[in-house]
Amino acid sequence: MYDTIIIGAGMSGLAAGIRLAYYDQRVCILERHYTIGGLNSFYRLRGRDYDVGLHAITNFTPKGARKGPLARLLKQLRFRWEDFALSEQIGSSVRFPGIELQFGNDFELLRSEVYRKFPHQKTAFENLLGRISDYDDLDQASFELSARQVLCEVIDDPLLIEMLLCPLMWYGNAREDDMDFGQFCVMFRSIFLEGLARPRAGVRLVIKNLVRKFRGLGGELRLRSGVEKIKTDNGRVIGVVLENGEELEARRVLSSAGWVETMRLCDDISHVETRQAGQLSFVETISILDAPPSKLGYDETIVFFNDSEKFPWRKPDELCDVRTGVICSPNNFRYERGEELEDGSIRITAMANFDRWVNLTDEQYRLEKLRWYDEISASAVRFMPEFRNRVIDTDMFTPKTIRRFTWHENGAVYGAPYKRLDGTTHLQNLFLCGTDQGFVGIVGAIMSGITIANQHCLKD
């Protein structure tokens, strides 16, 4: 009998496991895949290490800071600052035709950019900052307000609204066309008020430290152990049945699999509406260069681009939509001297249609990856220096890859549009953590696991 079974060895599941293990709970984390991390995982190909999902860690705060999500997670999980070895971004921007807003880890840069590029919006922008400051993270009703509606009530320049929404939607929004105001506030704080950083060794450093801590506290981690069914009795979870038929008993279950995916596992539910699942998925190209991007004239950390004054945010009809995207270089962070990355690289993300990608034959899939690598690269060089003649190796992941690593319906990176901030379900002792609880990104996912563990699994 376990105190807690956790479904999924992503960031939130591992963090929850660590938190519970500190209090001597008998915890078992079950992972269907052969590797850990969910979307934020890593792999090795042709002698090089690659991250899946990681552009940057949001919510950056300097060493010694006592406020903010990063400081809280270090304290709650008893990590040292050095365990994450974070390097700050050099600087990023939002680029629309004929205009850009630069930002970094000092919020005054973005403020000055808004003042200079949108001088008639100074007071409106400060009023927006007040609304963000007053927002309560756990107020479900306020969370679900339309961000576009709130922004239109405060700001009367449509272009500024689109430019503010673009990076925040790209880094944490499951709704099409609009965004929950709560999610807008969370992401605004995470990206603009706190900032971006990256572990020099990539996401593997974070994952390995989480796993080492969990196992060191006596936690049990089982790979290739997918859950076939969550067993219930009289409104409570009593255990799980694995895909190999093995049955495990538990006093409670914590799932990071997603709302729709978790409900499908419950043996007391006969039907789950697939329309509740998220629709937004991505492709990402990875280009290895023969020189650092800065030598080619590209020294920004991340560029969020859009090729018109209106920012589109919905599942495309075609395989991909290259009108908007994200360009990231892992090289362009402030590494210590001598710790710079060996390979130059550029990562470009675009929106994608899961259904179209998964219905391709193997040969079509291979050819479409080649085609869309070229299309995505051609779109990106409108907003950055030409790099295509310096590429020495490439890789690309698609919604099929995301589905394989996360098992999320539709390869939805940010899960279902409706978030359940308190993590509760229809069962007394089944709780959600991770993407569908509402916190996204690496720090957000870790904080989700900690928060739900504290609220629901440590009370008794």
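Read the figures in this text as sums done on the coordinates, not as results from a lab. What you see is a predicted model; the values in this text were computed from it and never measured. Neighbour counts are summed over all protein chains in view; Cβ atoms, including those assigned to glycine, are modelled from backbone coordinates with ideal geometry.
The table that follows gives values for the structure above.
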| item | result |
| --- | --- |
| Modelled FRET efficiency - R0 51 Å, Arg337 with Ser133, Cβ distances, 0.05 increments | 0.85 |
| Gain upon complete extension [Arg212, Asp290; 0.36 nm per residue less C-alpha separation] | 24.6 nm |
| 222 nm mean residue ellipticity, helices alone, for the chain (DSSP H n ≥ 4; -39,500 (n - 2.57); rounded to 500) | -9000 deg cm²/dmol |
| R0 of 30 Å, Cβ-Cβ distance Asp233-Ser142: FRET efficiency to nearest 0.05 | 0.25 |
| Entries in Lys75/Lys213; Lys75/Lys208; Lys208/Lys231; Lys75/Lys231; Lys310/Lys369; Lys63/Lys213 that, when Cα-Cα distance is taken, lie over 23 Å | Lys208/Lys231; Lys75/Lys231; Lys310/Lys369 |
| FRET efficiency estimate (nearest 0.05) - Cβ-Cβ, Tyr23 to Arg382, R0 56 angstrom | 0.60 |
| Among (1) 34, 25, 23; (2) 38, 30, 22; (3) 47, 23, 21, the entry that matches semi-axes √(5λ) of the Cα gyration tensor in Å as calculated here | (1) |
| Exposure proxy ranking, count of Cβ atoms within 10 Å, fewest first, for Glu409, Glu88, Glu82 | Glu82, Glu88, Glu409 |
| Rounded to whole Hz, the Karplus (6.51, -1.76, 1.60) HN-Hα couplings of segment 87-93, x for glycine and proline | 10, 6, 5, 7, x, 10, 7 |
| Karplus 3J(HN,Hα) series, Hz, for segment 418-427 with 6.51 cos²θ - 1.76 cosθ + 1.60 (x for Gly, Pro) | 8, 9, 10, 4, 8, x, 7, 10, 6, 9 |
| Most positive-pole-ward Cα, Gly239, Val391, Gln25, against dipole of the chain from beta carbon charges | Gln25 |
| Antiparallel DSSP beta bridges within the chain, percent to nearest 5 | 75 |
| Cα long-axis angle, helix 203-216 against the chain (0 to 90 degrees, to the nearest 10) | 20 |
| Segment 279-406: C-alpha gyration tensor shape, a/c 1.5 cut-off, then a/b vs b/c | prolate |
| Charge dipole magnitude, Cβ of K and R +1, D and E -1 - the chain, Cα centre, debye nearest 20 | 1200 |
| Amide H contacts of Lys419 (H built 1.01 Å from N, under 5 Å, at least 5 apart or other chain) | none |
| Lys208, Lys419, Lys400 arranged by Cβ crowding within 10 Å, fewest neighbours leading | Lys208, Lys400, Lys419 |
